[in-house]
Amino acid sequence: MTNWEQFLFTFFNAKVMAAYLPKIIDGFFLTVWLALLIVLSGLALGLLLAVVRSFRIRPVNWLIVFLVDLFRALPPLVIIVLIYFGLPSVGLAPSGFVSTWLSLTFVLAAFAEEIFWAGILAVPKGQWEAARSTGMGFAQTLGWVVLPQAVRLTIPPLTNRTIAITKGTALGSVVAVAEILSQASAGVSFSSNPSPLTLGAIAYLVLFVPVVAFGRWVETRFAWKR
Amino acid sequence: MDEFVATFFNLEVVRAASPILLQGLWVTVQLIVVAVPLGLLGGVILALLSTIRSRWVRWPLIAWVDFFRAFPPLVLLMFLYAGLPFAGIELGAFGAVAIGFFLNTSSYYGEIFRAGIESIPRGQMEAARSTGLTAVQAMTWVILPQAVRNVLPDLVSNTLEVVKLTSIASVVALPELLYQARQAQSVTYNPSPIVAAAVIYFLLLWPAVRLLSRLEHRAVARR
């Protein structure tokens, strides 16, 4: 065998790839599902926290700021490990999937809250005053006047942050979530051939290259409208 | 409540684990000292390459950067650590982490520096060149300093992410802080060492998070 054939046999072994393709596809859909859940719950929780913060109740805001700082400072893998290996000690035993979902939801919510809050602050005070003077209540002003403008401002940074955090689904492999990476790693150890890992890498590229390109597009699309 | 404290904040366990936690912290610091400067250097090189207008440079460069931004760093790390040995290339845990981090973080830093350089008006380069500075001198002394100042929040933010990312080195058994904490947890059957590691990460990174939060608010408010 030439070197090239050896290389193909090792990393692009058709037989091994065919055998593990169904597993990788399972992993692919689990990754997509997990990522969607994280994006939905993380953004919703982040927006909720930002709205609560705009009521400016002191002790509540201190708590929000502390939680946001906490989840921005801790590495996501540390949070996942803490939930997965720590909580069973008090009788709760979340699955790897739930641990990963919760951890990355908290992390995304923390970043999203900061971004939404910055967006809310960026809406000029006059907008508040004008809306209130037309007879709208606080909640109405927030919901119909301030948030729509704030959310527009936050789209580019939020998109990029969301993409970065959804890539963290690969961390779930550490706590036995059967997503792409753990299916691929299992395949490598069963077949003694790294081709499943190549396949897994391709699966990630299929999933995330369009997403990253989309992020690039969003950045330029919204950039000149400031 | 007592049971909760004894489970998650067991000082005796933490005291017993503290030597290996400190060893882990030291390895984490070494990782940061290697990964951050390498990533910054790679990022500056990528950004400088992106100023070349030829499409033969531009397209491969975009492909390279997007490739490594699309790839979850843990997948890249596993490929280097568990895949390459099949081709006879043994990088070892530290080598795999260093190379994986370089490829991943330099792409992110590269995008940030590129945005910074693009934020400086073309006239600055022309003015600098017309005073007799060479292109390299103009880039080094005129463009880059201003570019860095414009994207400082993003640079700090990315560096924070790189520091947090060092925790994935635990997956390839590099004995950094998280790895040591998990070792201690599995020996003592008590999660306090992991809580202790989390507290260490938080204390280490909290000042950066506070600083960042200020810089970001200022940046958004200016728009």
- Unit charges at the beta carbon, dipole of the protein assembly as shown: most positive-side option, A:LEU47, B:TYR201, A:VAL209: A:LEU47
- Note on the structure: Excluding near-sequence neighbours (fewer than 8 apart on one chain), the protein assembly as shown holds lysine pairs with C-alpha atoms under 22 Å apart numbering 4
- Per-residue average of other protein chain Cβ atoms inside 10 Å, peptide B:201-207 -> 4
- Message: Within 10 Å of each candidate Cβ there may be at most 12 other Cβ atoms; applying that plus a DSSP loop requirement, which trypsin sites (Lys or Arg not before Pro) in region B:1-108 survive?
- Response: B:ARG53
- If you line up the long axis of helix B:11-50 against the longest principal axis of chain B, both from Cα atoms, how many degrees apart are they, to the nearest 10? 10
- Could you please put A:ASP69, A:ASP26, B:ASP66 in sequence from largest to smallest accessible area, using a 1.4 Å probe? A:ASP26, B:ASP66, A:ASP69
- For chain A, what does -39500 (n - 2.57) per DSSP helix run (n ≥ 4), summed and divided by total residues, give at 222 nm, in deg cm²/dmol to the nearest 500? -25500 deg cm²/dmol
- Task: Return the average number of partner chain Cβ atoms within 10 angstrom of each residue Cβ along peptide B:79-88.
- Result: 5
- Here, the protein assembly as shown modelled as identical Cα point scatterers in vacuum has Debye log10 I(q)/I(0) at q = 0.06, 0.07, 0.12, 0.13 Å⁻¹ of -0.29, -0.39, -1.12, -1.28
- Query: What helices does chain A have that are whole DSSP H segments, at least 18 Å long along their own axis by Cα, and with mean Kyte-Doolittle hydropathy of 0.5 or more?
  - Reply: A:14-54, A:58-73, A:96-122, A:195-223
- Rounded to the nearest 10 degrees, what's the angle between the helix B:177-188 long axis and the longest principal axis of chain B, both from Cα atoms, 0 to 90? 10
- How large is the dipole of chain B about the Cα centre if only Lys and Arg carry +1 and Asp and Glu carry -1, each at its Cβ, rounded to the nearest 20 debye? 980
- Query: What average count of beta carbons from other chains do you get within 10 Å of the Cβ of residues in B:60-66?
  - Reply: 2
- Item | Peptides A:201-212, A:119-130 ordered by average Cβ neighbours within 10 Å, highest first | A:201-212, A:119-130
- Message: Accessible area per residue for chain A in Å², computed with a 1.4 Å probe and the full protein assembly in place, what is it?
- Response: 47
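The values are calculated or read from the model by the stated rules, or taken from the named source; none is laboratory data. Please read all numbers here as calculations on a predicted model, not as lab measurements. Here the Cβ is made from the backbone with ideal geometry for all residues, glycine too, and neighbour counts use every protein chain on show. Accessible surface areas use protein heavy atoms only, side chains included; no ligands, DNA or RNA. Shrake-Rupley method; radii C 1.70, N 1.55, O 1.52, S 1.80 Å.
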